[in-house]
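Let me begin by presenting the structure, written as structure tokens, before commenting on it.
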Amino acid sequence: MFYAPSFSRAQGVRRYGALAVTGLALVVACGSREADHAAAASTTTTTSGGGEGGGDTRLVVVHGPPTGNDPMVARENLKFDGYAVAAGTRGGLTLVGTSLGASEASHAGVLPLPLLGDEPALPASSGAVRAIAPYGDGLLVAADEALLFAKDGALFLSGGHEALHPLGLIGLSSRTADEDDDGALEPHLALRTKGGLIELEDGVLRTWSIPGETGAPSAALVQRDRLFVAYDARLHEIDRATLQTHRVGGELGRITAMACSTLACPPGSVIAIGTDAGLLERGADGRYALYTLAAEGETPLAVRALALDEVSQRLYALAEAGSTAVLVRVLTGARPTLVASIDATQAASTLAVDKTGDVWAFYGGVATRFATGSPLSFASDIAPVFQTYCASCHEKGTNGAPAKDFTDYETAVALGAKVLERLKDGSMPPPGSPPMPKEQLALIAEWLVKMAP
Ligand code: HEC
């Protein structure tokens with residue numbers, strides 16, 4: 001418990017769901033002349049050209065549909081009032097924000113949350129919800145009438161309402177990590193506002209200004225060492241220490257979603273970016289890959305929503321083009337795998353993953369719950385990882401490696417313990433070959449517990 005049980009629920013929430021905002025806006029302009037130069041130098045078109053004048057080629061375009069066959073995940077449709085705008089999960093609470101307010105999504109249905117409290121600033125209703133993000137042990141809900149905090153099946157006025165609501169919030173993103181090394185997790189918040197990207201840390205608001213950009217960013221994500229800010233198709237990466245901005249080159253398409261591969265989002269985490277041109281991924285090595293999710297020459301699938309399972313740290317994306325829509329699982333360093341094909345009669349706008357691991361896609365007035373919370377599957381989750389990182393040597397026994405087909409279920413089960421040991425001690429893949437990200441290692445370790453085919 002974070003608060004004395006004798007407190008009323010609203011008081012308790014107000015106490016620890018409160019956002020202390022003390023400092024005033026401090027404008028950090030970034031991007032010096034040199035930084036603009038750096039930006040120009042790192043702007044490239046696509047892979048093949050190799051960049052102009054030896055410029056750093058940072059964007060690789062990978063064509064091809066999502067891997068794997070449609071696993072026919074079970075699903076259930078639930079109706080709700082209003083149009084879905086945003087969604088999020090914290091602990092047992094999965095919330096969808098709509099044009100009418102905020103509703104809880106659970107196996108029982110999608111039901112409006114009551115607004116509790118007696119503050120004079122508390123409106124009679126929330127109005128349309130613009131954004132939702134995990135914060136502490138609840139969810140911050142930016143609505144037209146107020147900044148709210150959702151927890152335990154109700155909405156309360158957020159302690160940050162007075163300071164943050166007037167900023168005109170249109171987007172929220174957060175990460176939860178112990179970055180000050182005091183042994184406690186603290187939430188970090190980034191706000192997209194009509195006036196630009198504002199960061200809230202240690203009670204101080206910081207407005208980031210990006211050279212050449214004004215108004216509201218279309219997406220943003222903030223890490224301890226870096227910021228990623230998109231204005232439509234223009235993506236800027238900012239190094240916090242040097243304040244240098246890099247514009248990521250290539251035909252990115254309009255960017256409307258960003259997510260980290262982990263809740264804590266430490267430096268080096270893989271960042272997924274949803275664009276009209278596909279799924280853009282920033283790897284741990286700082287390179288960008290754009291997965292078009294369509295064959296070369298075909299219209300790319302637009303990725304409009306991303307959601308992280310905060311328990312298993314699986315990252316999902318919703319992609320669509322015309323009447324085709326798919327739910328895919330983001331695999332770092334490899335093409336995403338197909339989780340489900342969706343009959344796209346209405347454009348899905350947002351996604352969330354509930355505490356059981358089920359993915360929810362929210363459309364205008366309809367929520368679809370996908371039963372993805374089942375154990376990891378060897379065929380769709382694990383075999384592609386072995387294929388990417390191990391097959392180059394082990395499939396045919398090249399480079400002195402014993403010929404072992406790790407993409408074969410029986411082989412993987414038989415050698416499972418040995419494989420995990422070699423992955424953990426870092427001896428496989430051997431130094432010099434592409435390293436396997438720790439998220440993939442975690443997947444394999446998770447799969448080995450149940451070893452589902
Ligand atoms: C660059 C080539 C190369 C790649 C890539 C590679 N390996 Fe290996 N692997 C070897 C060689 C060479 C050996 C034999 C020497 C040794 O055991 O270190 C080996 C041995 C092993 C063994 C011991 C086999 C046994 O029966 O004793 C395991 C397990 C293994 N690799 C797993 C993997 C896994 C899992 C991956 C992918 C994540 C992988 N390797 C990627 C070259 C490779």
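The values are calculated or read from the model by the stated rules, or taken from the named source; none is laboratory data. If you're wondering where the values come from, they're calculated on a predicted model, not measured in any experiment. Cβ atoms come from the backbone with ideal geometry, glycine included; neighbour counts cover every protein chain shown.
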Original post:
Counting only residues that are part of a loop (DSSP other than H, G, I, E, B) and among the small types (Gly, Ala, Ser), how many does the range 254-286 have?
Top reply: 8
Original post:
Of the residues ALA379, ALA442, ALA452, ALA340, which single one is more than 10 Å from the ligand (Cβ to nearest atom) and in a strand (DSSP E or B)?
Top reply: ALA340
Original post:
If we scan the range 405-414, do we find a residue that is aromatic (Phe, Trp, Tyr) and within 9 Å of the ligand (Cβ to nearest atom)?
Top reply: yes
**OP:** Residue by residue through the range 162-206, note down the ones that are modelled with pLDDT of 90 or more and out of contact with any Leu (no Cβ under 9 Å at 6 or more places or on another chain).
**Re:** PRO166, GLY168, GLY196
**OP:** Of all residues in the range 126-141, count the ones that are over 17 Å from the mean Cα position of the chain (by Cα) and closer than 10 Å to THR176 by Cβ.
**Re:** 2
Subject >> So LEU315, is it within 23 Å of ILE132 (Cβ to Cβ) and surrounded by 21 or more Cβ atoms within 10 Å (Cβ to Cβ) >> reply: yes
**OP:** Answer yes or no as to whether MET428 is in contact with a helix residue (DSSP H, G or I) (Cβ under 8 Å, 6 or more places away or on another chain) and more than 10 Å from the ligand (Cβ to nearest atom).
**Re:** no
**OP:** Please report, ordered by residue number, the helices (runs of 4 or more DSSP H) entirely within the range 383-439 with at least 1 residues that are without any contact (Cβ under 8 Å) to a residue 60 or more places away in the chain and under 28 Å from the mean Cα position of the chain (by Cα).
**Re:** 383-389, 416-424
**OP:** May I ask you to say which residue of LEU420, LEU376 is more than 20 Å from GLU310 (Cα to Cα) and not charged (D, E, K, R)?
**Re:** LEU420
Original post:
Do we find a residue being surrounded by fewer than 20 Cβ atoms within 10 Å (Cβ to Cβ), within 30 Å of ALA105 (Cα to Cα) and not β-branched (Val, Ile, Thr) anywhere in the range 206-225?
Top reply: yes
Original post:
In the range 182-201, which residues are within 23 Å of the chain's Cα centre (by Cα), among the acidic types (Asp, Glu) and over 16 Å from THR245 (Cβ atoms)?
Top reply: GLU186, GLU201
**OP:** Report yes if LEU415 is of a type outside the set (Phe, Trp, Tyr) and either within 21 Å of LEU318 (Cα to Cα) or buried (at least 19 other Cβ atoms within 10 Å of the Cβ) (or both), otherwise no.
**Re:** no
